[in-house]
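The values are calculated or read from the model by the stated rules, or taken from the named source; none is laboratory data. These numbers come from a predicted model, not from an experiment. Heads up, the Cβs are rebuilt from the backbone with ideal geometry, glycines too, and the neighbour counts pull from every protein chain shown.
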């Protein structure tokens with residue numbers, strides 16, 4: 001790649017001990033910013049939720065205490081550093097809706113990386129995305145739904161560190177299942193969904209119920225989420241209604 005760019009990258013950068021990512025967007029950001037830096041681009045990341053921890057990345061990571069602080073820092077970068085493009089990897093609702101007008105006012109090219117958990121992509125969001133220079137979704141579902149709404153979007157595929165997250169062996173798989181008390185004939189589904197109101201958990205639970213009742217599958221659903229959310233389902237009540245509690 002001959003052209004080298006100054007890239008301002010805005011995202012959640014909640015990091016744990018040792019600089020490990022604590023969210024999906026942070027995981028994408030750490031990987032993507034590092035690879036862009038290796039390609040010769042200059043990356044300055046504005047980390048919402050970043051508290052100044054050490055990290056292994058070779059790119060600059062600037063702590064931002066709030067969305068407003070992030071917008072102010074982007075404004076300062078525009079005049080002190082003049083980035084060629086701003087990349088915002090956050091959800092559409094609130095975050096993309098907030099940062100796109102700021103970048104547009106500053107006359108900056110805008111690349112969106114975002115998520116869609118369930119169809120359809122609503123008209124309001126589609127109208128916003130259509131104004132951006134480039135849109136990526138972190139799932140094929142998101143990209144497909146965007147195209148249905150006349151948004152030119154692609155599925156961005158971010159790889160994993162195969163050394164840290166190597167593929168398990170068959171022996172390890174059987175041993176872990178045994179330690180957790182699962183028999184060989186049980187079908188186990190694990191769902192991790194922090195903000196459960198957006199993850200279409202009800203449909204997943206309906207599928208588990210159908211597997212058990214209609215097809216006789218010995219299915220178990222392990223659900224890691226915030227049980228008591230202000231919005232969304234009362235999960236135990238739903239599980240009781242579906243007969244999977």
Looking at residue 229, is it assigned to a loop (DSSP other than H, G, I, E, B) and either at positive phi or in contact (Cβ under 8 Å) with a residue 12 or more places away in the chain (or both)?
yes
Of the residues in segment 181-207, those that are under 28 Å from the mean Cα position of the chain (by Cα) and farther than 23 Å from residue 24 by Cβ number 2
Within segment 213-227, of all residues that are touching a helix residue (DSSP H, G or I) at 6+ places or on another chain (Cβ under 9 Å) and under 19 Å from residue 181 (Cα atoms), the one surrounded by the fewest Cβ atoms within 10 Å (Cβ to Cβ) is 218
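Would you mind finding the one in 72, 40, 52 that is assigned to a loop (DSSP other than H, G, I, E, B) and over 27 Å from residue 155 (Cβ atoms)?
Sole residue among the options that is assigned to a loop (DSSP other than H, G, I, E, B) and over 27 Å from residue 155 (Cβ atoms): 52.
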When the residues of segment 116-144 are narrowed to those that are touching a strand residue (DSSP E or B) at 6+ places or on another chain (Cβ under 8 Å) and in contact (Cβ under 8 Å) with a residue 40 or more places away in the chain, which ends up surrounded by the most Cβ atoms within 10 Å (Cβ to Cβ)?
138
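On the basis of being without any contact (Cβ under 8 Å) to a residue 24 or more places away in the chain and either more than 15 Å from residue 114 (Cα to Cα) or in contact with a strand residue (DSSP E or B) (Cβ under 7 Å, 6 or more places away or on another chain) (or both), does residue 53 make the cut? It would help to see each step written out before you state the result.
Values: without any contact (Cβ under 8 Å) to a residue 24 or more places away in the chain: no; either more than 15 Å from residue 114 (Cα to Cα) or in contact with a strand residue (DSSP E or B) (Cβ under 7 Å, 6 or more places away or on another chain) (or both): yes.
For residue 53, the condition - without any contact (Cβ under 8 Å) to a residue 24 or more places away in the chain and either more than 15 Å from residue 114 (Cα to Cα) or in contact with a strand residue (DSSP E or B) (Cβ under 7 Å, 6 or more places away or on another chain) (or both) - is not met.
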Please list, ordered by first then second residue, the pairs with beta carbon atoms under 8 Å, 6 or more apart or interchain, first in segment 170-183 and outside the structural domain of residue 221 (by TED's automatic domain parsing), second at pLDDT 95 or above.
none
Over segment 145-204, the set of residues surrounded by 12 or more Cβ atoms within 10 Å (Cβ to Cβ), within 15 Å of residue 222 (Cα to Cα) and at pLDDT 85 or above is 177, 182, 186, 187, 188, 189, 191, 201, 202, 204
Within segment 26-37, can one find any residue that is outside any strand (DSSP E or B) and more than 20 Å from the chain's Cα centre (by Cα)?
yes
For segment 1-16, enumerate the residues that are exposed (fewer than 15 other Cβ atoms within 10 Å of the Cβ) and under 20 Å from the mean Cα position of the chain (by Cα).
16
The residue that is surrounded by the most Cβ atoms within 10 Å (Cβ to Cβ), considering only those in segment 51-70 that are under 16 Å from residue 100 (Cα atoms) and over 20 Å from the mean Cα position of the chain (by Cα), is 69
Can you tell me which residue among 48, 79 is buried (at least 16 other Cβ atoms within 10 Å of the Cβ) and either under 23 Å from residue 132 (Cα atoms) or in the same structural domain as residue 123 (by TED's automatic domain parsing) (or both)?
48
